[in-house]
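Scroll down for the structure; my scribbles are underneath it.
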Amino acid sequence: MSLQPELRIPFHRPSLTEAEKNAVLQVLDSGWLTTGERTLAFERAVATDMRIQQAVAVNSATAALHLALEALGVGEADEVVVPTYTFAACASVVMHLGARPRLADVDQKTLCISAEAIEAQITPSTKAIMVVHFGGLLADMEPILALARDRSIPVVEDAAHALPCSREGRQAGAASDAGALSFYATKPVTTGEGGMLITNRTDIADRARLMRLHGITRDAWRRYTTSGSWYYEIEEAGFKYNMPDIAAALGLVQWRRAEAMRKERERVAYAYREAIGRYGLSDQIELPVWPGNGEVHAWHLFPIRLRAGVERNAVIDSLRSEGIGTSVHFIPLHLHPLYAKRYGYRPDDFPIATAEYAREISLPIYPSLSEADVDAIVAALAHALSSPKL
Ligand SMILES: *Cc1c(COP(=O)(O)O)cnc(C)c1O
């Protein structure tokens, strides 16, 4: 995912203020760079604000997903249902545990996994279900949670796009057994690289805390402070997934700005809808599903879909030639060589994902994008779509 700084309007620009810079400088001055007091404060802020019992800071959402599945006991001969319309991390963590990802198709409108699609992939080996809140719109959780409850299968939410995102007060990541937040460079709240596992299950949080740092029973920072001692014990072959305080300090400031930044992205989303109408493109461009009453959309992505048969790649090239960066979310996992070769998946196994991928373009959406930028992007789209080559 290139940030494309050479473009007039790059696909993404992080929103950083003096407060973030000062917070990082304070950590540098303090002399304690890795996991410590700032990380604990970040965990506490996330847990309090999301009204969730446990928040475990890690160095990526990928790590949070890995730790969640590990804590649920996913291992060899197990299967985890994963939407095919997602990022590599969701399925690769399943494979790291020796288990098999069972890919599932998505809902045509929301591009989120649906209860029906999940049901079609459940087998006696299903050990967990993973849900992705695509683009920052909460997946239809009621039927998914009901299905999971009926069969006693735990649910893990990938909330990488979803800060903040909720429906009727149910927040992304907090409604199931465990959730994973991402603080990757392009995500709604960023620490450069970072993530958080959130859960109301103490057993999952305890296990994740142990496994996030080498499976040792005491955090390094406690050992080196005056209240701690030099002694520790290794209980498991754990991972190196802890979050450094440099990242946590940045994250704390971003966290407090999360809703303000979301409102700015929402402003951009409405500006797109207005401009697409004004340029007469409503017949040619399918807008993302709009949030209804009681819904908070994170607007991490602004995914539009072109009419079937329009050359999506030519539209992307045309926008790029006008200095506008875009992206595509996602190349479905089943189309990648790894999954196609290892599990024999074919494009038509998941017809919705395959068809929607072919006509999707993600337009820039971030707080510093102005109405004039949006106008320029939609004008460039109108120009591309009027080209006789398409
Ligand atoms: C970005 C992303 C991830 C991975 O997040 P990292 O923090 O980079 O590990 C996982 N799932 C989805 C849907 C993502 O977009």
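Taking the listed residues Ala249, Ala269, Ala260, the one that is in contact with a Lys or Arg (Cβ under 6 Å, 6 or more places away or on another chain), part of a helix (DSSP H, G or I) and closer than 21 Å to Thr190 by Cβ is Ala249, with no other qualifying. In segment 198-206, the count of residues that are more than 11 Å from the ligand (Cβ to nearest atom) and in contact with a Ser or Thr (Cβ under 7 Å, 6 or more places away or on another chain) is one or more. For the criterion of being over 23 Å from Pro291 (Cβ atoms), more than 11 Å from the ligand (Cβ to nearest atom), buried (at least 20 other Cβ atoms within 10 Å of the Cβ) and among the hydroxyl-bearing types (Ser, Thr, Tyr), Thr123 fails.
Which condition from (1) under 17 Å from the mean Cα position of the chain (by Cα); (2) open to solvent by less than 50 Å² (accessible area, probe 1.4 Å) is the one that Pro14 breaks? Among (1) under 17 Å from the mean Cα position of the chain (by Cα); (2) open to solvent by less than 50 Å² (accessible area, probe 1.4 Å), Pro14 violates only (2). Has segment 350-358 got any residue that is exposed (fewer than 14 other Cβ atoms within 10 Å of the Cβ) and more than 22 Å from Arg8 (Cβ to Cβ)? Yes, that holds for at least one residue. The residue list Ala139, Ala159, Ala117, Ala185 contains one member that is away from the ligand (no atom under 14 Å from the Cβ) and open to solvent by less than 40 Å² (accessible area, probe 1.4 Å), which is Ala117.
For segment 219-230, does any single residue satisfy the condition of being closer than 18 Å to Gln54 by Cα and modelled with pLDDT under 95? Yes, segment 219-230 contains at least one residue that is closer than 18 Å to Gln54 by Cα and modelled with pLDDT under 95.
Of the residues Ala353, Ala379, the single one that is farther than 27 Å from Glu259 by Cβ, in a helix (DSSP H, G or I) and out of contact with any strand residue (DSSP E or B) (no Cβ under 9 Å at 6 or more places or on another chain) is Ala379. Across segment 289-309, the number of residues qualifying as assigned to a loop (DSSP other than H, G, I, E, B), crowded, with 17+ Cβ neighbours inside 10 Å and out of contact with any helix residue (DSSP H, G or I) (no Cβ under 6 Å at 6 or more places or on another chain) comes to 2.
Scanning segment 173-182 for residues that are more than 8 Å from the ligand (Cβ to nearest atom) and among the hydroxyl-bearing types (Ser, Thr, Tyr) yields one hit, Ser176. Within the set Val189, Val132, Val156, the sole residue that is more than 22 Å from Leu250 (Cβ to Cβ) and in contact with a Leu (Cβ under 7 Å, 6 or more places away or on another chain) turns out to be Val156. Only residues that are crowded, with 24+ Cβ neighbours inside 10 Å and not in a strand (DSSP E or B) were counted across segment 191-203, and they come to 2. From (1) in contact with a Phe, Trp or Tyr (Cβ under 9 Å, 6 or more places away or on another chain); (2) under 26 Å from Gly195 (Cα atoms), pick out the condition that doesn't hold for Val93. It fails just one condition, (1).
The values are calculated or read from the model by the stated rules, or taken from the named source; none is laboratory data. Treat the numbers as computed from the prediction; the structure is a model and nothing was measured. Note: ideal-geometry Cβ built from the backbone for every residue, glycine included; neighbour counts use all protein chains shown. When the accessible area is computed, the model is the full protein with side chains, heavy atoms only, and any ligands, DNA or RNA have been set aside. Shrake-Rupley method; radii C 1.70, N 1.55, O 1.52, S 1.80 Å.
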